[in-house]
Amino acid sequence: QVQLVESGGGLVQAGGSLRLSCAVSGSIFSINAMGWYRQAPGKQRELVALIATGERTTYADSVKGRFTISRDNAKNTIWLQMNSLKHEDTAVYFCNALITTRKVPRLEVNNYWGQGTQVAVSS
């Protein structure tokens, strides 16, 4: 069974930094794109950052220049380095991955989510 396990959330003052990590476990064939989304109270879930297998990255305009997404394919892990945090970055952050698994006799692609980790930035 495929699982995404996040860690690294917490409470930080505005201007501070946090680093989130997300590790994929389970029997997988390959991992395609991985990314981070966030959901603040009363708001819709939104994309924060994506990283493709070719290391191509995409960021929300609101985090460009402050957040950096990276991945280690050998460890099936991604990180989100968050610097210069603002109060408006407060949200639950979710890891997401598009994963191919082997369902004999074929391969199957599914979208997986982590359980979420809380990030709170005090102003």
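The values are calculated or read from the model by the stated rules, or taken from the named source; none is laboratory data. Note that the structure is a prediction, hence the values are computed from the model and not measured. Virtual Cβ from ideal backbone geometry, glycine too; neighbours counted across all protein chains shown. Accessible surface areas use protein heavy atoms only, side chains included; no ligands, DNA or RNA. Shrake-Rupley method; radii C 1.70, N 1.55, O 1.52, S 1.80 Å.
Viscosity 1.306 mPa s, temperature 10 °C: Stokes-Einstein D of the range 9-52 from its Kirkwood Cα radius, in µm² per second?
Values: Rh = 13.2 Å.
In µm²/s, the coefficient rounds to 120.
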Considering only protein heavy atoms and a 1.4 Å probe, what is the carbon-and-sulfur percentage of the accessible area of the chain? 48
Solvent-accessible area per residue for the range 11-67 (1.4 angstrom probe, square angstrom): 56
Proximal lysine pairs in the chain, meaning Cα under 24 Å and 8 or more positions apart or interchain, come to 4
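How big is the charge dipole of the chain about its Cα centre, in debye rounded to the nearest 20, if each Lys and Arg gets +1 on its Cβ and each Asp and Glu gets -1 on its Cβ?
Details: 13 positive and 8 negative charges, 41 e Å.
For this selection, approximately 200 debye.
In a shell of Cβ-Cβ distance under 12 Å around T117, excluding T117 itself, what net charge do Lys and Arg (+1) and Asp and Glu (-1) give?
Values: positive: R19, R38; negative: E6.
Net of charged neighbours comes to +1.
Cβ under 15 Å from C95's Cβ, C95 left aside: what net charge do those residues give with Lys, Arg +1 and Asp, Glu -1?
On the way: positive: R19, R38, R45, R71, K75; negative: E6, E46, D72.
Net of charged neighbours comes to +2.
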Once Lys and Arg get +1 and Asp and Glu get -1 on their Cβ, which of A74, W113, T90 lies farthest toward the positive end of the dipole of the chain? A74
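Find the Rg to Rh ratio for the chain, where Rh is the Kirkwood radius over alpha-carbon pairs and Rg uses the same atoms.
Numbers: Rg = 14.7 Å, Rh = 14.7 Å.
Result for the chain is an Rg/Rh of 1.00.
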